[in-house]
């Protein structure tokens with residue numbers, strides 16, 4: 001039993017280390033890409049095919065012509081996800097008419113529970129133009145891989161099996177009208193900072 005607990009503890013430490021490494025890498029790149037538009041060493045973003053909150057099959061190409069604010073999370077998230085989606089909503093409201101050139105997108109990392117109907121109810125709590133995307137486990141995995149998103153089901157000791165939490169990285173990705181990666185806003189970025197950055201880009 002002791003050896004088993006040691007293995008579990010070691011696995012947990014490794015998972016945390018991997019998550020922290022990915023987070024550090026993304027924040028490090030965010031410091032340059034959001035400000036200067038410099039290319040990252042590892043490409044971020046790419047083709048995906050998912051299902052939106054109205055049940056329609058969509059691809060990344062369907063959002064061309066607009067800046068995209070993309071957040072990966074899940075509807076059962078107790079704190080971080082609603083906070084970051086709230087920031088996106090505030091930023092869009094503050095942008096005024098310029099917001100028409102920005103498409104907010106929420107991609108689930110928990111497709112088992114985040115059905116189309118559930119996603120539709122959830123995104124309606126935030127911005128009227130927020131699009132929620134779900135899909136098969138493989139489709140979600142491919143999208144997350146393209147954006148270098150870390151996610152995993154958190155270990156659960158108590159409670160019902162369906163009440164699990166998801167560990168995941170928390171960044172708002174900014175993609176250009178051409179679908180190419182521009183940068184990321186790390187978790188905790190204030191809405192006015194996003195507005196300031198986007199206003200300059202939209203005016204340019």
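The values are calculated or read from the model by the stated rules, or taken from the named source; none is laboratory data. All values reported here derive from a predicted model rather than from experimental measurement. In this analysis, Cβ positions are derived from the backbone assuming ideal geometry, glycine residues included, and neighbour counts consider all displayed protein chains.
Here is the figure for segment 178-204: residues that are in contact with a strand residue (DSSP E or B) (Cβ under 6 Å, 6 or more places away or on another chain) and not in a strand (DSSP E or B) total 1. Residue 138 meets the stated requirement of being more than 21 Å from residue 69 (Cβ to Cβ), outside any strand (DSSP E or B), modelled with pLDDT of 95 or more and out of contact with any strand residue (DSSP E or B) (no Cβ under 6 Å at 6 or more places or on another chain).
In the condition set (1) part of a helix (DSSP H, G or I); (2) more than 19 Å from residue 199 (Cα to Cα), residue 149 is compliant with all but (1).
Among the candidates 149, 195, 182, the residue that is under 18 Å from residue 46 (Cβ atoms) and either surrounded by fewer than 18 Cβ atoms within 10 Å (Cβ to Cβ) or over 13 Å from the mean Cα position of the chain (by Cα) (or both) is uniquely 182.
Scanning segment 91-123 for residues that are farther than 23 Å from residue 176 by Cβ, in contact (Cβ under 8 Å) with a residue 60 or more places away in the chain and surrounded by fewer than 19 Cβ atoms within 10 Å (Cβ to Cβ) yields 116, 120.
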